[in-house]
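Every number in this text was worked out from the coordinates using simple rules, so none of it is lab data. If you're wondering where the values come from, they're calculated on a predicted model, not measured in any experiment. In this analysis, Cβ positions are derived from the backbone assuming ideal geometry, glycine residues included, and neighbour counts consider all displayed protein chains.
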Amino acid sequence: MARGAYIFNAAGCLGCHTDVKGGGKPLAGGRPLATPFGTFYSPNITPDPEHGIGRWSDADFIRALREGKAPDGSAYFPAFPYASFTHMTEVDMLALKAYLSTREPVNQPNRPHDVGPPFGWRFLIPVWQTLYLDPGPLPPVPDRDGEWHRGRYLVEALGHCAECHTPRNFLGGLDTDRRFAGSPAGPEGKSVPNITPDPQGGIGNWSVGDITTMLEIGMMPDGDFAGGGMNEVVQNTTSKLTPEDRRAIAAYLKALPPVAGKSGGGAEAASR
Amino acid sequence: MFDIRRIVPANRTPAAIGIALGLIVAGSAAAQSPNPVAGDPAAQVKHREESMKKMGGAMKAISQYVKNEGGTIDAVRTSAATIQDVSKIIVPELFPKGTEIGVADSEAKPDIWQQWPRFQEIAGNLQTESAKLTQVAQTDDRAQVAAQFGAVGKTCGSCHDTFRQEKKK
């Protein structure tokens, strides 16, 4: 159960699946996520048998995270970042499911998304998935060490950092050439910083200690404290990781290919 | 008995009322914001940003003590005092009306003035937590300082989360 709880924190489920501002119950869904494609409302993932995932089998749960498909076979909108969660191991997925099953059930129906055509056409999602979903765990890379691989898992599979920190094209797919280089039009209208090691546009001037401090308490190298979006990530996720895991994330980020350009946000301004 | 008619001629009553009201308004405005840059929104934004940067520098100095990177407890005490001083002028001096996003390079969301009581509450939290930090800094207890430093940082983040819009660069 401890493993499941840790994965729950590392993946940040609580933040998206709880309508904090609306006073919603934990994991009961209903949190609005405003995107350039419309507003999505997160679903109920409590163990409620009617409106939550209480009746899901292990296979249902794995399929949702791995393939972005509901138990009835319909596809999920990629606002649910299964393009990242697909890289989770099956062991971790099941540990997460076990943990979720111990949470408080809430009998609250899901709110329909407010997304206009064609983005709201669920039957088109399989097309999106063919283009942008690369299912399954990430293969090991021979000349990289254990810390890098752990960092990659935390960033790419669980933390799903690229989903906010990468610009999207008009179809909502990630612009892979600019992975982690930030986005001017992130969720909820906020600009998201470049976290590649580019010295001007990204966090190239940040030390490993600067990055782990940021992840632990939200403080940037100039003493500024992160607001919108990342503050939530620090509170819900990164502050709850082990120091080793935060260092692994820092190691992975420092090893990314630098991508130039200030796509948005204040990370580069906050560098020394 | 004081006779107002000796000061205000009978046919000047409306003017006198206008002057009196004007003085009251100006007086109360001055009393509420003894603002060194009153009346110039761009300068007010700059003054605010400088004040915020002062707090950032102070937090950075304290972090060097907390992380055992050579920061001294004396620097912590000076820094805690700086943060406390700035925290006291956040409301209302640093956030006068007319300095929201769109004015110079302001990152202050209009929500601040739309949710003024909530904003005042969070600013109040910073006063409380920075006062505690000043107290704790009287000791040389790194763990205690670290814990309260974290509490102050959390209030910084909570305000920025709701009320600051990072600029698109």
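Between A:T46, A:T89, A:T242, the residue with the greatest mean-square fluctuation in the GNM of chain A (Cα pairs under 10 Å linked by springs) is A:T242. Backbone phi angles across the range A:196-204, fed through the Karplus curve with coefficients 6.51, -1.76 and 1.60 (θ = phi - 60°), yield HN-Hα couplings of 7, x, 5, x, 8, x, x, 10, x Hz in residue order; Gly and Pro are listed as x. Ranking A:C164, A:F40, A:Y132 by how far each Cα lies toward the positive end of the dipole of chain A (charges on Cβ) leaves A:F40 at the top. Can you return the aspartates and glutamates within cross-link range of B:K97? Criterion is Cα-Cα under 19 Å, with same-chain partners fewer than 8 residues away left out. Straight-distance partners of B:K97: B:D40, B:E49, B:E50, B:D105, B:E107, B:D111, B:E121. Peptide A:214-222 is shielded by partner chain Cβ atoms: per residue, an average of 5 of them sit within 10 Å of its Cβ. In a GNM of chain A with a 10 Å cut-off on Cα contacts, which of A:F80, A:F123, A:F180 has the highest mean-square fluctuation? Maximum fluctuation in the GNM of chain A, among the listed residues, is at A:F123.
With 20 Å as the limit, the listed pairs B:K88/B:K154; B:K46/B:K109; B:K132/B:K154; A:K21/B:K60; A:K21/B:K109 have A:K21/B:K60 beyond it between alpha carbons. With Cα atoms defining each centre, the range A:166-244 and the range B:79-143 are spaced 24 Å apart in the structure.
If both residues of a DSSP beta bridge must be in the protein assembly as shown, then about 90% of such bridges are antiparallel.
For the range A:1-57, trypsin sites (Lys or Arg not before Pro) are listed when DSSP marks them as loop and at most 16 other Cβ atoms sit within 10 Å of their Cβ; the list is A:K21, A:R55.
Phi angles across the range B:113-122 convert, under the Karplus curve 6.51 cos²θ - 1.76 cosθ + 1.60 with θ = phi - 60°, into 3J(HN,Hα) values of 7, 6, 10, 3, x, 5, 5, 4, 4, 5 Hz, Gly and Pro given as x. Annotation: amide H-H contacts under 5 Å for A:G30 (H modelled 1.01 Å from N, sequence separation of 5 or more, or interchain): A:S42, A:R111. Diffusion coefficient (Stokes-Einstein, Kirkwood radius over C-alpha pairs, 20 °C, 1.002 mPa s) for the protein assembly as shown: 88 µm²/s, rounded to a whole number.
Under a Gaussian network description of chain A, with springs only between Cα atoms under 10 Å, the residue in A:G218, A:G201, A:G120 that fluctuates furthest is A:G120. Between the helical axis of A:2-11 and the longest alpha-carbon principal axis of chain A there is an angle of about 70 degrees. Seen from B:K46, the other residues with C-beta closer than 12 Å to its C-beta sum to a net charge of -2, counting Lys and Arg as +1 and Asp and Glu as -1.
The mean number of partner chain beta-carbon atoms within 10 angstrom of a residue's beta-carbon across peptide B:51-61 is 3. Charging the Cβ of each Asp and Glu at -1 and of each Lys and Arg at +1, and nothing else, the dipole of the protein assembly as shown about its Cα centre rounds to 840 debye. Taking 13 Å as the straight-line reach from the Cα of A:K240, the aspartates and glutamates in range (excluding those fewer than 8 positions away in the same chain) are A:E216, A:E232. Ranking B:S63, B:I112, A:T213 by Cα position along the charge dipole of the protein assembly as shown, where only Lys, Arg, Asp and Glu carry charges on their C-beta atoms, puts B:I112 farthest toward the positive end. For the pair the range A:1-57 and the range A:86-153, the centres of their Cα atoms are 13 angstrom apart. Just want the answer: with Cβ charges of +1 for Lys and Arg and -1 for Asp and Glu, which residue in A:G151, A:T238, A:Y99 is farthest toward the dipole's positive end in chain A? Selected residue: A:Y99. Couplings 3J(HN,Hα) of the range A:118-135, computed from phi: x, 5, x, 7, 4, 5, 7, 4, x, 5, 4, 5, 4, 6, 10, 9, 10, x Hz, in residue order, whole Hz [Karplus 6.51 cos²θ - 1.76 cosθ + 1.60, θ = phi - 60°; x for Gly and Pro]. In percent, rounded to a whole number, the relative contact order of the range A:161-272 is 33, using alpha-carbon pairs under 8 Å and six or more apart.
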